[in-house]
C-alpha cells in the first residue's frame, strides 16, 4: 500500500506494468497452465484419508453371501422386463415385499421440451418402486438410499438383482440405526429426479408425479449402482454431479477403504489404472475429471441427490479384459461394508473436503492448491485491464497518471468511458446481450415454426436454430456500425474492450469459484484471444483465434479431447455428430434437471465473446 | 408411518426383572398376564403385564416371568417398558389404602428376524423358553392369544394346544377373539410340565399390504437448502363414509421461525378451514411455537397441513456438540375419537382382563386415539466449528492490514514534490543562500 500511496513509485510501477505487459501476460498464462499440470505431482496432491471419526476406526465384518440369490433375482427381473417391455412394477413390488420391505410406488410423467434423440424419448411416463427397511427401535428420522436407475434397455438388471439380494440380507440384521431405502427408478435420471422432488415435496423442473406415501426422514447418504454383467474386473466410481457439485470426500474415502480391502476399484473411466499410478495416468484421470465436472451434467443418478445436500456417488461395474474378475458377492460385500459404516454416522458427512480434484482414487488436490492455476489465468485479464486503462488515461492526460486513478481499475475505466461517451457502448452491449437472450430462448420456442418451414425434426430444429443464431451473432460488427457513430476511433474500441475484459474477468472468476473445472477450461481457451483482440495487426489471424476459442468451439474441442483421453479417438464426422448431440443434451438437461451450463454460456459468455468479436472488427 | 401403526398403541407394558409374588398372600394381590397379538404385517406383539399390591415385599420367581430373557427381548423391532404406581382402596369404604404397582413390557417380534420369514410362531421360537409352572402366589396368571381372523371364514389359523376358553372383546373399534390359557388351571401344564403355545397359519396371509387403520398420519420437512423449508403433516382418514374431527397439537422450536400466514390445510384439493385455532408465538430462547387446531377430516381423504418456516442462525454457543446431525423437532400430537366398525357392547370391568384398562372404551361407536407422528430432523445453517481459530487469525490480519492502509490513505494529504535535482554544489549553494536569507534555487 505504501507503494500505491506514493505517486512517484506508483507511476514507476504503472510504467513497468505497461512496458512489460506482454511478457507478464505470457508469463502469467504459462504459469497458470504449468501450475495445473503440476497438480499431478506429490507436493500438490495428497493421499486421501478418512476424516470422519464415526467411519474411520470402527471395523465391520461383511457377511453378504447372496451371490446366487442376486443372480436369480437378476434373471427373473430381466425376464419380466423383457415380457412387459417396461419396468416390471408388480413383480418388483411382490419381490420387495417378500424380502420384508415396506413397498411403495410412485408414478410420474414429463413432456420434454423437444424429443430426446439420444435416449429416444419425448413424452415420458414411468413408475418408480421403492422399499423401505425400517430400522428396529428407531423413529425413522434418518435414512440411507441405495438406488438403481433403470434405463430403456435392460442393462442394469444385475444391479437390481444385487439390490434385492442386499435388501434380503440387510433385512435379517438387527444393527440398523437408520432406515434404508431401496429405490429402483425408471427412465434412469428422470425417474430419480421425479422421486427426489416428490420426496422433498418440491417441484423445480415441471415434473408431474404422484405424491409419495412412505418416507423415512432426512436422507444422509446415497449410493447409486450400475452393473451390466455378473462379474466385474473393477468398480468405477463417479462423483461429478449436477453443475459440477461433488460429494464429500469422505464418502469416496469410504469406497476406497473397501476397495482396498476387496482389491477392486478405480476412478474416472473404463480403463483400470490401479496398477499404473504414474504422473501421466494421473494427468489423464485429472483431465477426464475436469472435463466431466466442467460439463455440469450429472454423471450417474447420484448427481441429482447433491442438490438436496445428500452426499452420493455412483458405483459402476467395469468388465474389461483383465484376468481376475470379481463376482456379485464381492460387490455386495463392498456395498454392505459401506452401508454399515454409513449406519454408524452420527452427523451428516461434513468433516472432509467438498471441493477437490482427483488425479487418482487414492490422491486428491484440495481447493487451496488448485485455485492458483485459475488465479494465474485471470491475472492475465487483470494485467490487460490495467494496461488498457493506463493507455486510455494516457490518451486523456498526456502529462501522466492522475490521482483519480487511485480507487481501482473499475472506477478508472468508468471515468475513461465518460470520455468516450457511454452511448457508443450501449449499442454493442445491448445487441450482444440480445443475441445471447435469443440463443437461450428461441431454439426451444421456435422449434414448431422451424419444423413447419423446413424438413427437419424438432430435435434437429433446435440444434440447427442454436447454430444459426450463434453464427448470426458474428454479423454483429456490421450491425453496430450503422448504429454507432464513433468520433474517436481508438478510444472507442479500447473502451469496449475494457468493458468486455472486466465482464469476462468477473464471469470467469465467479465460475471458477463454484465450478473450478469449467472456469479453468474457459479461462484457458478464452483468455489469450480476449487479451489479443484489437482492430489492428493481423486481423485474420486474430479472428481465426477468436473463433477457435469461442464457447462452441471449446465444446467441440473438449469432445475430441475427451474421446482422445478415453483412448477412443473420434473422426471429424463422428465428432460433429457428437457435437450436435451434445448441444441438444445441454439444452435438455437445462430443462429437465436444471443444469446451468446452457444458460451460462448463452446468457453470459457468448455475449461477452461477441464483444471481443466486435472489438476485432471495429472501424 | 411407523408411529401411526396400531402396534405403537398396542404396546404398553410391563416390566420386570423376574416374577413377582407376595410373601404374604392375599392371593388376589398379584395378577399377571401375557397378551400375544399377531400383527397384520406378520410381526408378533407380546405384552406382559404384572399388577400387584405393593404392601409387602416381592420375592420369588416363576410364572410368566421365565419368558423374560434379555437377549431375545432386545432382538426385537420395538420394545417399551413402563411402571405405574397408584393408590388403591383396600375396602369399599376406603379406610385404608395400598399401593398398586403395575409393570408392563411390550415387545414386537420381527417376523423376518425371529421367524426366518415365516409367520408361524411359538413361545419357544420367540422367547427361547416355554412356560413350566404358574406363579404359586398369583391369583391370576393367564396368556391371551389374539386369534381374530381377518377373513370371514374361521379357517385361516390354528393354535396349539387348543384353548379351553375364548374371550371376545372390542379393541380399538374392532372385534377381537382371544384364546385364553389359564396357567392356574392344572390341566394346562401338568400334562407335560411344559406349555409351548404355537400358532400356525393354515393359509399363509397373502403378501399384500397390511390393512391400514382409519386414522394415521405422516410428517416430513419439505424443501431444500438451509434458508427456508416447510413442515407438512399428512392426516389420513381411511374410513369409507364417516368424517371425524382431529385435534392437532404442534410445538415447534423457536429456531424454526414459522410464517403463520402460510398455514394451509387442504383436503381433497379444497381448503379446509379449521374450526378452532390456538396459536402462541415463540419467543427466542424462551418458548417454542404452540399451534393447536381442530380439523374435520372428510371421509376417505388425505388432509395436508403445511406451514413454512425460516431457519434461524443460532449463537455459536447454542449449537449442540453434534450440530451437523441436525435438530430434532418434536412430533405432532393427534387426538381423535375414531369411529369403530363394531356395535357397542357393555363391558363388565371387574371381570374383564387387565389390558382393557389400556384401551378404555367410552362408547361403542367410536374410540379415543392419541397418535404421535414421527419426530423430524432439521438441519440448521451450521458454521464449520473446526475453523474459528483460523478464521479469527485470518480476519484479524486482513482487518489490520486494510485498516492501516486505508486510514493512511484517507488521512494523508498528497502533493507532488519536485524531484530533488542538482548535486552537492547546488545543495551547498542553497545552504549559503539560506544563510543569507535569499530564497533557494
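The values are calculated or read from the model by the stated rules, or taken from the named source; none is laboratory data. Not measured: the values here are computed from a predicted model. Cβ sites come from the backbone with ideal geometry, for glycine too, and all protein chains shown count toward neighbours.
Taken together, the residues in the stretch B:374-406 that are surrounded by 13 or more Cβ atoms within 10 Å (Cβ to Cβ) and either away from chain A (no Cβ under 12 Å) or closer than 30 Å to residue B:231 by Cα (or both) amount to 9.
Let's see how each residue does on (1) crowded, with 17+ Cβ neighbours inside 10 Å; (2) closer than 24 Å to residue A:335 by Cα:
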residue	(1), (2)
A:47	no, yes
A:65	no, yes
A:68	no, yes
A:97	no, yes
A:127	yes, no
A:134	yes, yes
A:143	yes, yes
A:146	yes, yes
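For the stretch B:107-122, residues that are at pLDDT 80 or above, surrounded by 21 or more Cβ atoms within 10 Å (Cβ to Cβ) and either in a helix (DSSP H, G or I) or away from chain A (no Cβ under 12 Å) (or both) total 1.
Residues that are under 30 Å from residue A:345 (Cα atoms), surrounded by fewer than 16 Cβ atoms within 10 Å (Cβ to Cβ) and touching a helix residue (DSSP H, G or I) at 6+ places or on another chain (Cβ under 8 Å) do occur in the stretch A:50-58.
Every residue, every condition in (1) in a strand (DSSP E or B); (2) farther than 30 Å from residue A:460 by Cβ, yes or no:
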residue: A:79; (1), (2): no, yes
residue: A:86; (1), (2): no, no
residue: A:93; (1), (2): no, yes
residue: A:105; (1), (2): yes, yes
residue: A:119; (1), (2): no, no
residue: A:124; (1), (2): yes, no
residue: A:130; (1), (2): yes, yes
residue: A:135; (1), (2): no, yes
residue: A:148; (1), (2): yes, yes
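Only one entry in A:453, A:389 is modelled with pLDDT of 80 or more and away from chain B (no Cβ under 14 Å), namely A:453.
Confirm whether residue A:168 is in contact with a strand residue (DSSP E or B) (Cβ under 8 Å, 6 or more places away or on another chain), at pLDDT below 95 and assigned to a helix (DSSP H, G or I). Break it down stepwise before answering.
Values: in contact with a strand residue (DSSP E or B) (Cβ under 8 Å, 6 or more places away or on another chain): no; at pLDDT below 95: yes; assigned to a helix (DSSP H, G or I): yes.
So residue A:168 fails the test.
Can you tell me which of A:26, A:40, A:17, A:30 is assigned to a loop (DSSP other than H, G, I, E, B), touching a helix residue (DSSP H, G or I) at 6+ places or on another chain (Cβ under 9 Å) and more than 14 Å from every other protein chain (Cβ to nearest Cβ)? Steps first, please.
Working: A:26 fails: assigned to a loop (DSSP other than H, G, I, E, B); A:17 fails: assigned to a loop (DSSP other than H, G, I, E, B); A:30 fails: assigned to a loop (DSSP other than H, G, I, E, B).
That would be A:40, the only listed residue that is assigned to a loop (DSSP other than H, G, I, E, B), touching a helix residue (DSSP H, G or I) at 6+ places or on another chain (Cβ under 9 Å) and more than 14 Å from every other protein chain (Cβ to nearest Cβ).
All of A:540, A:514 fail the test of being closer than 26 Å to residue A:283 by Cβ and in the same structural domain as residue A:436 (by the TED database), apart from A:514. When A:288, A:252, A:315, A:246 are screened for being more than 14 Å from chain B (Cβ to nearest Cβ), modelled with pLDDT of 90 or more and either in a loop (DSSP other than H, G, I, E, B) or under 18 Å from residue A:596 (Cα atoms) (or both), only A:246 passes. Looking only at residues in the stretch A:355-377 that are out of contact with any strand residue (DSSP E or B) (no Cβ under 9 Å at 6 or more places or on another chain) and surrounded by fewer than 22 Cβ atoms within 10 Å (Cβ to Cβ), the one that is farthest from residue A:21 (Cα to Cα) is A:368.
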